[in-house]
Structure formats: C-alpha cells, structure tokens
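These notes concern the structure reproduced below.
The values are calculated or read from the model by the stated rules, or taken from the named source; none is laboratory data. The model shown is predicted, which means the values in this text are computed figures rather than measured ones. Keep in mind that these areas ignore ligands, DNA and RNA; they rest on the heavy atoms of the full protein, side chains included. Shrake-Rupley method; radii C 1.70, N 1.55, O 1.52, S 1.80 Å.
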Amino acid sequence: MTVGDLRQRLLRAAEQEIATSGPAKASLRGIARRVGVSHQATAHHFDDRAGLFTALAVEGFELLLEQSAAAVEAVGADGIASGAQVAAAGAAYVEFATRHPTMFDVMFRPELLHADDPRLLDVRRLHRDLLVQIVSAAQAEGWGAAVPTEELAVMGWAAVHGLAVLQRDAQLGDVLPEVDTGRLLERVARALDAIG
C-alpha cells in the first residue's frame, strides 16, 4: 500500500465512520481500525481528527465545484438569460448532497474542521466565486438584474442548501413525495428572477 493509498483509504473510512457513528463520535481510532492500521499511522497524514475532517471537506468542495461546473456547461450559453444555468448549478448541489451525504455534512460543520486551513479557505472561495459568476452571467443577460449579485447568490444558495438537506435526509420523499425536485429548482430560479 502506497502513502497516497493509505490517505485515500483513511478518507473513505472517515466517511464510513461518520455515517455509522455521527461526526461527533467518529474517532481517529475507529477510522484507523476500519483501515486496519494503528492509530499512530493516521498521524503520518493528519495531525488530528479535525485535520482529517478538513481534508474530507476540501475533497467535497472540489468535487462539488467539478460537478457544478459540468452541470452549468451542459446547459450551455443558451441557458444563461433564463436562469437555467443557475437551476442546473442548484440541481448539481442537491445531487451532490444526496450522493455524498457524509461529506456534505462535514463540509458545512465548521466546529469539526480547521476553519483557517488555507486549502479549505481556497476551495470555499472558489465555490463562492463560481456561485457569484453564474448569477452575474445571468444578470448580465437580464435575469434577476435588480438585486445585487452577492445577495441574489446568497438567496439562491440558501434555498438550494435547504432543499439539499431536506432531500438528503429523505424529508421531501416522506412528507411531500409528489414534489419534483428538478421542477422545484426551476421555480426557485424563476422566483429569484422575479425578486430581481
């Protein structure tokens, strides 16, 4: 097993341990046990539990950025003025939360992380920049143009994040199974446009 392999195995084991025990109870010992290495072996890659969780959060933001950019690109330039790119980015966000619930949870739990880690700060800034860029491009074409870009981005993010949490936690399917998430995201985009 290479050094890189062990690091990846520890990250995947952290996801499993967090999913099983919850983030507050997940321990480095439990994570190391899942990989079949000593507790001390984790120190070669991560200073502490928060360091491991921070690496997991960084990986999550990188994956979210990749998936969001791909979703926006798939819509193409024709979807800028209608807010379709904004809705596509929202759909990618919800899908990410559904497919990677443990990673998603850790990404937005600053008390579990080294919040001042430069890699985390950089990737969070890139995520913010992508959100603002998508909204700004749509506003340049007349979508939601009356609201400041950052405010509109935050309103959209808040709506999509709440929807992602409800979807991830299976609340929508249990409470309102008739709601189509894709259609709902399109309505959120139209509502944001109407606000602007």
Under the Karplus curve 6.51 cos²θ - 1.76 cosθ + 1.60, θ = phi - 60°, whole-Hz ³J(HN,Hα) for the stretch 73-87, x wherever Gly or Pro sits: 5, 5, 6, x, 5, 5, x, 6, 5, 7, x, 5, 5, 4, 5
Looking at the square roots a ≥ b ≥ c of the eigenvalues of the Cα gyration tensor of the stretch 82-196, which shape do they give, rounded for a/c under 1.5, prolate if a/b is larger than b/c, or oblate? oblate
Using θ = phi - 60° and the Karplus relation 6.51 cos²θ - 1.76 cosθ + 1.60, list the HN-Hα couplings for the stretch 123-136 in order, rounded to whole Hz, with x at every Gly or Pro. 6, 5, 5, 5, 5, 4, 4, 5, 4, 5, 4, 5, 5, 4
Calculate the all-directions average of the projected area of the stretch 1-46's alpha-carbon convex hull, and give it in nm². 2.8
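By how many nm would the segment from Val147 to Ala69 grow when fully extended, if each residue of separation counts as 0.36 nm and the alpha-carbon distance is taken off? Could you put the intermediate results ahead of the total?
Numbers: separation 78, 0.36 × 78 = 28.08 nm, distance 2.34 nm.
Between Val147 and Ala69, full extension yields 25.7 nm more.
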Would you work out what percent of the accessible area of the chain, with all protein chains in place, is carbon or sulfur (probe 1.4 Å)? 54
When the distances between all Cα atoms of the stretch 132-196 are binned every 10 Å from zero, what whole-number percent does each bin get? 22, 47, 23, 9
Taking 0.36 nm per residue of sequence separation and subtracting the Cα-Cα distance, how much length would be gained by fully extending the chain between Arg99 and Ala50, in nm to one decimal? 15.4 nm
